[in-house]
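*Asks:* Before anything else, here's the structure in question.
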Amino acid sequence: MSSTFSLILRDNRIRIPAVTLVALAFTYASTAPYQSIIGINELGLSNGAYSALIFFSAIVNVTTSLTLGIWSDRLKERRPLVLGLSVAGMLGFGSIAIFHSPAIFIVSTLLLVPMSNSTYSLLFASLRARTNQMDRGQAAGITATVRALFSGSWALAPGMIGLYLVNSPSMTPAYGIAALASCTCFCLYFFFAPGNGTAGPAPDHVGFLASLKRIFMPYVLVRVIVMAMLFGLQRLNAMLLPLIITHAADGSVVDVGFIAGLTAFLEMPFMVMWGMAQRRFRTAHVLAFGALIYCCYLLLLGFAAAPWHIYALLLLNACGAAAILSVPITYLQDLIADRPGLGTSLISLNTFIGTGIAAGLFAFGTAISDYSGTAFVGAAAGLAAIGALLYLESARRQAALSIAPPQRGVMR
């Protein structure tokens, strides 16, 4: 682990994207917990209007990420794109903080904020362009460690901002903090990243549609869907956990916040641990084991009947969630390894599909059972996804072995 941190600190092409991701996390973490409160309670949007806004915002986010991912592979540097998206973040978050207007909120949330969110994929693409030149296990460790640092910001920001705004009549100053975080991202890349945000030499100048077709190849798309099913488990838990705490477990909103913060903190060392595991084991097997732990957590969550039951599951929750949130980054990038931007843009597609799967599981589970029963539904869906993943990777390995004899380091 110490060698991974030293690599991050020594290499400017890794350090600058990593530090920028830490700053970027504050744009997410300072606004996501309060977005619905501002949109519905403060600005008067209806539940239906707000739901539609979030849905179309997600579409803009995934479209922007895919487009910029493909485009970035044709550039010598990703630096101009990161700077442009940081400006979009400053304008989007800043305008919501300054102008308390439903129209400004809608336009910013629909266009500018999703553009800012696309910075996440570009930064991980920059990391991938650099780590492609390293040992595969070492590269996976760096990716997992950087993702852990990102989670650390997520753990810190909501509590700090909540304390800052505890006596405020409005939550919109949180968007001002997000605008400052976007400004920090801009400054980091403007002053420190020249020559360090390189995209790497593009293998060829493949057209946009030809690049897009690679995403929809059955080999890639089916694996993205399996990853989305696993990611959907974490999103489903985000929906269920507060409801189970306050209903089945007779807990309070204080327990909800405390458990969320503890889980985020505990995810950090587990992400580093999963990154180290990828040095010795195949990524698919590491992910399957982590997802199995998360399925066990969801199964036990369905039996929770007191707050201490939820607290007792904290380690299982954090351990499994850490695998689901960090390991798929490397897995998805490996699907299109020769195009770092395009491969990393699959993360946004995975998030979009996974959120939809989580919503479907929640709707199905609550239709046939209660919140605890829905946790059982999630565990069953997770086991099905793990089975699909192992089947796909087993078939992939067998196909590779039938073509060429085994070589050291292949299919890790």
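The values are calculated or read from the model by the stated rules, or taken from the named source; none is laboratory data. Bear in mind that the values here come from a model prediction, so they are computed numbers and not experimental data. Because the Cβ atoms are built from the backbone with ideal geometry, glycine has one as well, and the counts that use them run over all protein chains shown. The area values use the complete protein model at the heavy-atom level, side chains included, leaving out ligands, DNA and RNA. Shrake-Rupley method; radii C 1.70, N 1.55, O 1.52, S 1.80 Å.
*Asks:* Within the range 220-239, is even one residue at pLDDT 95 or above, touching a helix residue (DSSP H, G or I) at 6+ places or on another chain (Cβ under 6 Å) and open to solvent by 50 Å² or more (accessible area, probe 1.4 Å)?
*Replies:* Checking the range 220-239: at least one residue is at pLDDT 95 or above, touching a helix residue (DSSP H, G or I) at 6+ places or on another chain (Cβ under 6 Å) and open to solvent by 50 Å² or more (accessible area, probe 1.4 Å).
*Asks:* Which count do you get for residues in the range 97-131 that are aromatic (Phe, Trp, Tyr), more than 19 Å from the chain's Cα centre (by Cα) and in a helix (DSSP H, G or I)?
*Replies:* Residues flagged as aromatic (Phe, Trp, Tyr), more than 19 Å from the chain's Cα centre (by Cα) and in a helix (DSSP H, G or I) within the range 97-131 amount to 1.
*Asks:* Now, a different point. Within the range 324-334, is even one residue among the small types (Gly, Ala, Ser), buried (at least 24 other Cβ atoms within 10 Å of the Cβ) and at pLDDT below 95?
*Replies:* yes
*Asks:* Of all residues in the range 164-178, which are modelled with pLDDT of 75 or more and either part of a loop (DSSP other than H, G, I, E, B) or open to solvent by 40 Å² or more (accessible area, probe 1.4 Å) (or both)?
*Replies:* Matches in the range 164-178: Tyr164, Leu165, Asn167, Ser168, Pro169, Ser170, Met171, Thr172, Pro173, Ile177.
*Asks:* Whether any residue in the range 28-41 is more than 25 Å from Asn350 (Cβ to Cβ) and in a loop (DSSP other than H, G, I, E, B) is what I want to check.
*Replies:* No, the conditions are met nowhere in the range 28-41.
*Asks:* Another question, if that's okay. So Pro340 fits all but one of (1) out of contact with any Asp or Glu (no Cβ under 9 Å at 6 or more places or on another chain); (2) buried (at least 24 other Cβ atoms within 10 Å of the Cβ); what number is the exception?
*Replies:* So the condition that Pro340 fails would be (1).
*Asks:* Assuming Ala155 fulfils every condition listed in (1) surrounded by fewer than 24 Cβ atoms within 10 Å (Cβ to Cβ); (2) at pLDDT 85 or above; (3) part of a helix (DSSP H, G or I) apart from one, which condition is it?
*Replies:* (2)
Every residue, every condition in (1) acidic (Asp, Glu); (2) crowded, with 17+ Cβ neighbours inside 10 Å; (3) over 14 Å from Arg136 (Cβ atoms), yes or no:
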{"residue": "Glu267", "(1), (2), (3)": "yes, yes, yes"}
{"residue": "Phe270", "(1), (2), (3)": "no, yes, yes"}
{"residue": "Thr283", "(1), (2), (3)": "no, yes, no"}
{"residue": "Tyr294", "(1), (2), (3)": "no, yes, yes"}
{"residue": "Leu300", "(1), (2), (3)": "no, yes, yes"}
{"residue": "Trp308", "(1), (2), (3)": "no, no, yes"}
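*Asks:* Among the residues in the range 241-249, are any open to solvent by 20 Å² or more (accessible area, probe 1.4 Å) and without any contact (Cβ under 8 Å) to a residue 60 or more places away in the chain?
*Replies:* yes
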